[in-house]
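A.B. asks: A single structure is presented below for examination.
Here, each number is a calculation from the coordinates, and none is a lab measurement. From a predicted model like this one, the values you see are computed outputs, not experimental measurements. Don't worry about glycine lacking a Cβ; one is built from the backbone with ideal geometry, like all the others, and counts go over all protein chains shown.
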Amino acid sequence: MRIMGLDFGSRTVGVAISDSLLLTAQGVEIIRRKEENKLRQTLARIEELIVENEVEEIVLGLPKNMNDTEGVRVELTKEFKDKLERRTGLPVYFWDERLTTVAADKAMMEAGIRRENRKDYDGYDRSYSDPAGLSGSQEQ
């Protein structure tokens, strides 16, 4: 069994996939799109990666605000979750990504990656996240 972690952004989706023992996840791809609401090709690529990697579950980062409120990105992410479930037939679980993003930013700073270059590492927080997050045990 493998789990796919997704970091859904306005123009990109960072993709990480767990190892078969669910101990680690590695960033595998950043799916880019020209327009925010054009998801057909993005969903098709996710489906291809699911088949190629024998993925059985998806964990989707939920971008809540640090004060636990939900903004526009959360609503868009919830809509994306619904589309993913309908299209793939797989269970999709939310993962609160607030502190994962902070930890990934800190790791990239320590690695000497300049702030303006960090966007090139979109999805790094999905692969950086605690492997326990890949169990989907946080939110549904």
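A.B. asks: FRET efficiency for Arg86 and Met109, Cβ-Cβ distance as r, R0 = 25 Å, nearest 0.05?
C.D. replies: Rounded to the nearest 0.05, the efficiency is 0.05.
A.B. asks: Roughly what would the spin-label model give for Met66 and Glu54, points 7 Å off Cα along C-beta, in nm?
C.D. replies: The two pseudo-label positions are separated by 4.2 nm.
A.B. asks: Sort Lys38, Lys81 by Cβ crowding within 10 Å, fewest neighbours at the top.
C.D. replies: Result, fewest neighbours first: Lys38, Lys81.
A.B. asks: Under 17 Å from a point placed 7 Å out from the Cα of Ser20 along the Cα-to-Cβ direction: which residues of the range 41-78 have their backbone N that close?
C.D. replies: So the set is 50-57.
A.B. asks: Return the long-range amide H neighbours of Arg11 (sequence gap of 5 or more, or a different chain), with a cut-off of under 5 Å between placed amide H atoms.
C.D. replies: Under 5 Å from the amide H of Arg11 lies no amide H from a residue far enough along the sequence or on another chain.
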